[in-house]
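Bear in mind that the values in this text are calculations on the coordinates, not laboratory data. All values derive from a computational prediction rather than experimental measurement. Note: ideal-geometry Cβ built from the backbone for every residue, glycine included; neighbour counts use all protein chains shown.
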Amino acid sequence: MTGGSKPLRADLRIIADWIPRGARVLDLGCGDGQLLAHLQADKQVSGYGLEIDPDNVVASIGAGVNVLQLDLDDGLGQFEDNSFDVVVMASALQQVQQPDELIREMLRIGGQGIVTFPNFGHWRPRLSIAWHGLMPVSKALPNQWYDTPNIHLCTVRDFEKLCASNHIRVTQRHVVNHEHASSLRTRVFPNLLGEIALYQLERG
Amino acid sequence: MGEFPADSVGLVEPQTLHVTEPLALDCGKQLDEYELVYETYGQLNADRSNAILICHALSGSHHAAGYHADTPDGKPGWWDKCIGPGKPLDTNRFFVVCPANLGGYKGSTGPASAHPKTGRPYGPDFPVITVGDWVRSQAVLREHLGIEQWAVVAGGSLGGMQVMQWAIEYPERLKHALVIAAAPRLSAQNIAFNEIARQAIVTDPEFHGGRYAEHGVVPRRGLMLARMLGHITYLSDEAMRAKFGRDLRDGRLNYGFDVEFQVESYLRHQGQSFVERFDANTYLLMTKALDYFDPAGLHDDNLQAAFAPATARFLVISFTSDWRFSPERSREIVDALVDAGKQVSYAEIVSELGHDEFLLDLPQYTHTLRAYLERVAREVNP
C-alpha cells in the first residue's frame, strides 16, 4: 500500500500539483511520508524525507520512502548545491530555530522551494490578541503559548518581506482556510482571510 | 520443542561447507581449502528470493539464533532477540543464513584449526584476513546455497562493514543492505583501543608468539584485559553508572587492590568468561580486519565514489549512546549514500546502553527493523 492509493491531505495535494513528474525531491519534516509516497507512486519522483520524530520515521519507512532521521535545526550543510529539483517544507517553518537561514538553504540545495505555514495575520489570531488579549488557539494553531512547538510565527506579509530582502522570488502563492479551500475572498485579502499559506519559491 | 519460547527458532544445528577451491586473500596469501560453518533458520521459498545473510561482529559466530542441543539451558544465539518466528527478522517469512567468519574462534576455519599441510593448529600462521576476504568467502556460500540474490544482507558493528562491502563488491547480489551501529572506517581513537587490546594479548608471557596451543596454555591475562577494555567501550558511561554506580562488593573500602567496586567484579567476570570461549589469535585477526576496513581509502578518501557501484536500498541505524561507533559515523555513511544518489533511510535510536544496544531489543529499534523488513517480506513473498 503506498500513499498513492489513499487520499492525500489537502495541503499536500496542492503541493503535489506543483511538483513536476520525475523530480528529485527533498521533503523537510516529511511526517509519516505520505507526500513522498504519493509522489513516488503517481509522479515517479525520487528523493528523501527528513524527519525528527521517531514514530514518523517508522511510519515513513513503512510507507516505503527514504527517510533520514535528522534535525532541521542542525542545518542542511551536508546536502550539495543544486542536488534536488524541489525542496519542500510543509508546516515546519514556524517550528525551526532559524527559518530565514533554512529557506536560503532550501534554495541553495534545490532549484525550487515549497514552503507552507499557518498565517498569523489571519483575522482570528488578530482578534484574539486585539480584543481578548490572549495568544490565539485555533485549528491551524492548536497549542497553548507555553507548550507550542510554533516558535517563529509569521504573517503572509512578514514572509513576503523576508523573501524580498533575501532576493527570493515567489512564483506561486496559495492561501487557504483551515479546510484548505481557497476562495475569492482569500485571494483578495490573503493576509486577513488566509489561515494557511503555501508558497512556491525560486532564487530571485 | 516445547521447552523453548514460542518466538524462538528452537533447536538448531550448524552445517559445514568444505571448500576445496582456494580463496585468494587481500594480504596476498591464499587459503587452499577451508570450512565455512553456518546456521540457517526458516525456509527458503520456491523462487529462492527470501534469503537474509547475517554478518557477525567481533565476538560473534554462526550461532545467531536458537539453542544448541549440547547447551539446551544455555544462552540462545547472539542475535536471538531479532531472529525468530514473529520477530523483526521473521523466520516464518525469511530464510536466514549466518556463517562464522574465517579466522573466527569456532566454526569456520581459523587459527585454532589444523593446517591442512602440517596437521598442527594454524596459530599465528593464519593469514591476516579482511572484511573483503570474508565477503568473498560468504559469496562462495551464497553460490553453494543456490541463492542468486540476498533479499537482505544485515549486520551490526564489524558486521555492518561486511554489509557495506557486499553492497560495493557484489551490487547485483543483494536487494537491501542493513548497516547497524557501524562506521565507514575506524577513527584513530578506535584503532588505538584495538592496539591496546592486541598489545595486552601479545605481551602476555603465555602468548608464545601465537603458538600457545602447542604449549598447552592460553594467554588468559592478555585476552581478559583485551575484553575488559573492549567491554568498557561497548557500554556507555550512563549504562555503567546505572548498573554499578560506585557500589562496593563488600559494602566497605578494603584499602587494597583486589576487587572492591562492583564494576571491577563485573569486568573481571566478563573478561574471564570471554577467555573460556574465545581465541586470542582470533581477537588479533578480528581487530585487524576492523582497522583495515576503509572503502573510501581506495577512492582518494571519497566515500561517495566508493559507494558508486551499489544498487541496494540501505537502512542505516545508529544508537545515540554508542560512542565506539557513534551516530556521527553512521551519518558519514548516510551522507555519502545521499550524495551518490542511493536509496537510503536512516534511523537514530535514542538509547542508553551504548554500542551493544544493537544486539538488544529497544522498542524503537525493533519497530524500525520491523517496518523495513515488513516491506521487504511483501516484496519477496507477494
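At a glance:
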quantity: Anisotropy class of the range B:124-186 from Cα gyration tensor, a/c 1.5 cut; calculated: oblate
quantity: Kirkwood-based Rg to Rh ratio, the range B:1-58, C-alpha trace; calculated: 1.10
quantity: Contour minus Cα-Cα distance for B:E328 and B:S265 (0.36 nm per residue); calculated: 19.4 nm
quantity: Volume of the Cα convex hull of the range A:10-203, divided per residue and given in Å³; calculated: 115 Å³
quantity: Mean-position separation - Cα centroids, the range A:8-43 and the range B:70-101, in angstrom; calculated: 39 Å
quantity: Under Karplus coefficients 6.51, -1.76 and 1.60, residue-wise ³J(HN,Hα) of the range B:182-194 in Hz, glycine/proline x; calculated: 10, 8, x, 6, 6, 7, 4, 4, 5, 5, 4, 4, 4
quantity: Backbone HN-Hα couplings from phi across the range B:272-279 [Karplus 6.51/-1.76/1.60, Hz, Gly and Pro as x]; calculated: 5, 6, 5, 4, 4, 10, 9, 10
quantity: The range B:21-45-the range B:290-337 distance, computed between alpha-carbon centres (Å); calculated: 25 Å
quantity: Per-peptide average of other Cβ atoms within 10 Å, ordering B:360-372, B:145-157 highest first; calculated: B:145-157, B:360-372
quantity: Given charges at beta-carbon only (K, R positive; D, E negative), |dipole| of chain A in Debye; calculated: 960 debye
quantity: Net lengthening on full extension, B:D247/B:A305 (0.36 nm per residue, minus Cα-Cα); calculated: 15.8 nm
quantity: 10 Å Cβ shell holding at most 14 others, DSSP loop, trypsin sites (Lys or Arg not before Pro): longest site-free stretch of chain A; calculated: A:22-138
quantity: The range B:37-192, Rg to Rh (Cα coordinates; Rh as Kirkwood inverse mean 1/r); calculated: 0.98
quantity: Cα-based equivalent ellipsoid, chain B: semi-axes from gyration tensor eigenvalues, Å; calculated: 31, 26, 22
quantity: In order through the range B:303-312: 3J(HN,Hα) via Karplus (6.51 cos²θ - 1.76 cosθ + 1.60), integer Hz, x for Gly, Pro; calculated: 5, 4, 5, 4, 7, 3, x, 5, 10, 5
quantity: Pairs of alpha carbons in the protein assembly as shown whose separation is greater than 32 Å (percent); calculated: 53 percent
